[in-house]
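Reading through the structure tokens given below for one structure.
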Amino acid sequence: MTARSSHDPFALTESKYADLAGQVLIEGVVKGDIQAKHVWLGKNARLVGNIFADHVAVEGEVLGLIYARQVRLSAASRVRGTIISTSLDIALGANFEGKCRSLARLLQHSPAGPGRSEPIAAALAAE
């Protein structure tokens, strides 16, 4: 992951995947995947990678997959990729290009049965 922190927007850190507990605020450039309970991307944020969380709020830009129970795209947000969620709120003016899928439906029709998330990729590929 390459990240510019909210403390120093020019500091860079390298990693492929960040598994973070609790809440994450991104106000810079991140290249890699993020997993956390809550993820907020500020208006200057740019994430190239995937997000796995319970709640995601985007004011900046995401290029990749967003996998979350609740996703909120603000009017200034730019998302290109796939959103898998049970609740998706897209504000007027948001720029979303890609696919959105119902998390509840994918889990219900999963080859492993209801409530099993492991074969999500296979379920998406079959569509």
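Miscellaneous remarks
- Failed condition for Ile84, given (1) touching a Pro at 6+ places or on another chain (Cβ under 7 Å); (2) at pLDDT 90 or above: (1)
- Candidate set from the range 82-101 (those that are loosely packed, with under 14 Cβ neighbours inside 10 Å and not in a strand (DSSP E or B)); member that is nearest to the chain's Cα centre (by Cα): Ala91
- Test: Leu92 is of a type outside the set (Asp, Glu) and either at positive phi or touching a strand residue (DSSP E or B) at 6+ places or on another chain (Cβ under 6 Å) (or both): no
- Scanning the range 29-62 for residues that are surrounded by fewer than 19 Cβ atoms within 10 Å (Cβ to Cβ), hydrophobic (A, V, I, L, M, F, W, C) and either within 21 Å of Leu106 (Cα to Cα) or within 9 Å of the chain's Cα centre (by Cα) (or both) yields a single hit, Phe52.
The values are calculated or read from the model by the stated rules, or taken from the named source; none is laboratory data. Bear in mind that the values here come from a model prediction, so they are computed numbers and not experimental data. Counting neighbours? That spans all protein chains shown, and the Cβs are built from the backbone with ideal geometry, glycine included.
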